[in-house]
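The values are calculated or read from the model by the stated rules, or taken from the named source; none is laboratory data. Since the structure is predicted, the reported quantities are computational estimates derived from the model, not experimental observations. Glycine also receives a Cβ, built like all others from the backbone with ideal geometry; neighbour counts cover every protein chain displayed.
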Ligand SMILES: [Zn+2]
């Protein structure tokens, strides 16, 4: 860290896993979706450290309203997500707020890996490797709501470190997370969460070793 870098502000949660109403371990390389009701709290735990968790959120009643990276960055005046960040929708409304974070920084610029990006960035024969875009599409197909490619805007990469240089450059850097670190979000409206637990093996976003994450949800009354 350079002398001018802002230190991460970490915030722990008081919620205990035993009181969660939902508790699921998602293996590396798998997709997942689940409704989160307004007031519920959603935690993603990086079980083994340095795992990228590609994530999107939609209005639970109208998927045409969805996470907007541009509106989120503009609203908070900062490129990184952490405690206090409000995830804004394409309609300019709050979807969820980050209420605890023991990692300190999450990316929303790097996008999701895809067959095309694997081929262009790494090698022709990487095209057929597992990738987040395909995991998103498989999960959307499983949901059966008629959602597809047009429903995949720029996403969030929880726990992924994509520092922006003073010149405005982007790079996929070694992770800043560690085993057991988590991020926790409170839903500000009923939302649908969509996750691809990134299978990428060709850059350091997963420390070249994709690993599982734990997903927990608490009811609003457990929080208050
Ligand atoms: Zn990925």
Report summary line: residue 71 passes all but one of the listed conditions (1) farther than 16 Å from residue 161 by Cβ; (2) more than 16 Å from the ligand (Cβ to nearest atom); (3) in a loop (DSSP other than H, G, I, E, B); (4) touching a strand residue (DSSP E or B) at 6+ places or on another chain (Cβ under 7 Å); the exception is number (3)
Query raised in the report: So is residue 113 touching a residue at least 12 places away in the same chain (Cβ under 8 Å) and either in a helix (DSSP H, G or I) or closer than 22 Å to residue 149 by Cβ (or both) or not?
Result: yes
Report summary line: residue 87 fails exactly one of (1) without any contact (Cβ under 8 Å) to a residue 60 or more places away in the chain; (2) over 24 Å from residue 179 (Cβ atoms), namely (1)
Query raised in the report: Within region 97-105, can one find any residue that is modelled with pLDDT of 95 or more, touching a helix residue (DSSP H, G or I) at 6+ places or on another chain (Cβ under 9 Å) and not in a loop (DSSP other than H, G, I, E, B)?
Result: yes
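In the list 71, 62, which residue meets the criterion of being over 25 Å from residue 178 (Cβ atoms), modelled with pLDDT of 95 or more and surrounded by fewer than 16 Cβ atoms within 10 Å (Cβ to Cβ)?
The unique qualifying residue is 62.
Rundown of residues vs (1) closer than 26 Å to residue 22 by Cα; (2) in contact with a helix residue (DSSP H, G or I) (Cβ under 9 Å, 6 or more places away or on another chain), yes/no style:
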| position | (1), (2) |
| --- | --- |
| 190 | yes, no |
| 198 | yes, yes |
| 203 | no, yes |
| 208 | no, no |
| 215 | yes, no |
| 220 | yes, no |
**Report entry** Among residues of region 46-59, those that are outside any loop (DSSP other than H, G, I, E, B) and surrounded by 22 or more Cβ atoms within 10 Å (Cβ to Cβ), counted
**Finding:** 7
Query - Check on residue 107, within 14 Å of the chain's Cα centre (by Cα) and either within 16 Å of the ligand (Cβ to nearest atom) or under 22 Å from residue 27 (Cβ atoms) (or both) - result: yes
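Table: residues versus (1) within 16 Å of the ligand (Cβ to nearest atom); (2) surrounded by 15 or more Cβ atoms within 10 Å (Cβ to Cβ); (3) at pLDDT 95 or above.
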site	(1), (2), (3)
2	no, no, no
15	no, yes, yes
20	no, yes, yes
44	yes, yes, yes
Query raised in the report: Given the conditions (1) under 23 Å from residue 170 (Cα atoms); (2) in contact (Cβ under 8 Å) with a residue 12 or more places away in the chain; (3) surrounded by fewer than 16 Cβ atoms within 10 Å (Cβ to Cβ), which single one is not true for residue 92?
Result: (1)
